[in-house]
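Down below is the structure, laid out as structure tokens.
The values are calculated or read from the model by the stated rules, or taken from the named source; none is laboratory data. Since we're looking at a predicted model, the values are computed, not measured. Heads up, the Cβs are rebuilt from the backbone with ideal geometry, glycines too, and the neighbour counts pull from every protein chain shown.
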Amino acid sequence: MNATDSRICTRILVIACALPFAACAGAPKSTSGSPSQTAPTAPSAVQLTPSNVTLTPSAQQLFVAKVTGGSDTAVTWTVDAISGGNSTVGTITGKGLYTAPDRHDS
């Protein structure tokens, strides 16, 4: 695995794991006089599989995030802090299917 492959894999893994926590942290609680609705609770753990992968240019890999310990299990996928990625860092669908960039610079 070269340095570029390693950075791309790390960015996908870190961002996919971190975003569910950040997205839930500021959820407001209901304060109106209407029937009480509780805000989604933040997850306590995110398991990402596979946890490590090496891809060749243009290859695809499906990542699965299992969010536990909270009522909000939504996952937002980004690559290098870019929602959905781009042609430079690779793209990822809302279902976690990552496509590596066509080529990478050494």
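A few remarks follow.
- When the strands (runs of 3 or more DSSP E) confined to the stretch 51-96 are screened for residues that are under 26 Å from Thr41 (Cα atoms), those reaching at least 2 such residues are found at 64-68.
- Note on the stretch 97-106: among residues that are at pLDDT 95 or above and over 19 Å from Gln47 (Cβ atoms), the one that is surrounded by the most Cβ atoms within 10 Å (Cβ to Cβ) is Ala100.
- Note on the stretch 53-80: among residues that are among the hydroxyl-bearing types (Ser, Thr, Tyr) and touching a Leu at 6+ places or on another chain (Cβ under 9 Å), the one that is surrounded by the fewest Cβ atoms within 10 Å (Cβ to Cβ) is Thr76.
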